[in-house]
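Structure first, then comments.
The values are calculated or read from the model by the stated rules, or taken from the named source; none is laboratory data. As the structure is a prediction and not an experimental result, all values here were calculated from the model. All Cβ positions, even for glycine, are placed from backbone atoms using ideal geometry, and neighbour counts span all protein chains on display.
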Amino acid sequence: MKIMKIVVLVVLAFTLACCSDQVVDEVIAALKTELQSTNNRQRSYRKTIPIFWNEVYPAGGKTLYCSRDFDGGYHKQVNIEHVFPMSWVMKGLRCGDRNQCRRNSERFRFIESDMHNMYPALSEANKIRSAMAYGIIKGERHLRLEMDPKCDFEVDFRKRRVEPTPSARGEIARAMLYMDDSYPELELFKRQRDMLIQWHKADRPSKLEKRRNDVIERLQGVRNHWVDR
């Protein structure tokens, strides 16, 4: 059915070649979307991991929460953080635990491998954050990380909240807002979305973040429109 749909769109593109440019452009756009959709549905997180490191961060970069430099290649102290937690995705899709979702939900595999939601992070910070929500914590509750004692990383375990350093808030906000906009099954509370929009405005995209967006678009066929705003 999917292949037939693409064939029909190709035939339409040739048939309508004599029509207005607008009609032809619309058919071509639909064809591109269908091709990208077909390709993206074949994604899996396991296959995406080496692509993420080799294509998005081939020479290394900085970790999300602590801005710790890392070189290209494998680092046991640095792993992939899903900014929008996968446990929230599992809840939204109602597909079971992570293994069940991976086995039975094509939609989960698609979302889990979306590189716009994937960032390098110190494994210690990633583990501590877990699936806690982002927010502002009253007072100073810095958690001393063994991997980076100077990291500005605040945690309120009672309220299950994490306050990232100001320089990371924009990237976090744009990833979260992208996920909220891209996947109807996922939803942010209005108060949280409003806070993230403020973070987006206060911490604008850097040249590196814009380059990252370009690379991921080339790999996935989709941009994070919040980076372009």
Subject >> Residues satisfying the stated conditions in segment 76-118, i.e. under 11 Å from the mean Cα position of the chain (by Cα) and of a type in the set (Ser, Thr, Tyr) >> reply: 113
Subject >> When residues of segment 102-140 are limited to those that are basic (Lys, Arg) and touching a residue at least 24 places away in the same chain (Cβ under 8 Å), the one nearest to residue 185 (Cα to Cα) >> reply: 107
Original post:
Where in segment 129-229 are there helices (runs of 4 or more DSSP H), lying wholly inside it, with at least 2 residues that are more than 17 Å from the chain's Cα centre (by Cα) and at pLDDT 95 or above?
Top reply: 166-182, 190-202
Subject >> Residue among 145, 208 that is touching an Asp or Glu at 6+ places or on another chain (Cβ under 6 Å), over 24 Å from residue 95 (Cβ atoms) and not β-branched (Val, Ile, Thr) >> reply: 145
Original post:
If we keep just the residues of segment 149-159 that are among the charged types (D, E, K, R) and under 20 Å from residue 119 (Cβ atoms), which is surrounded by the most Cβ atoms within 10 Å (Cβ to Cβ)?
Top reply: 154
Subject >> The listed residue being without any contact (Cβ under 8 Å) to a residue 12 or more places away in the chain and either acidic (Asp, Glu) or not assigned by TED's automatic domain parsing to the domain that holds residue 83 (or both), out of 194, 180, 148, 152 >> reply: 194
Subject >> Close pairs (8 angstrom Cβ cut-off, 6 or more residues apart or separate chains): loosely packed, with under 12 Cβ neighbours inside 10 Å in segment 87-101, at pLDDT 95 or above anywhere >> reply: 97/90
Original post:
Does segment 26-43 contain any residue that is surrounded by fewer than 11 Cβ atoms within 10 Å (Cβ to Cβ) and modelled with pLDDT of 50 or more?
Top reply: no
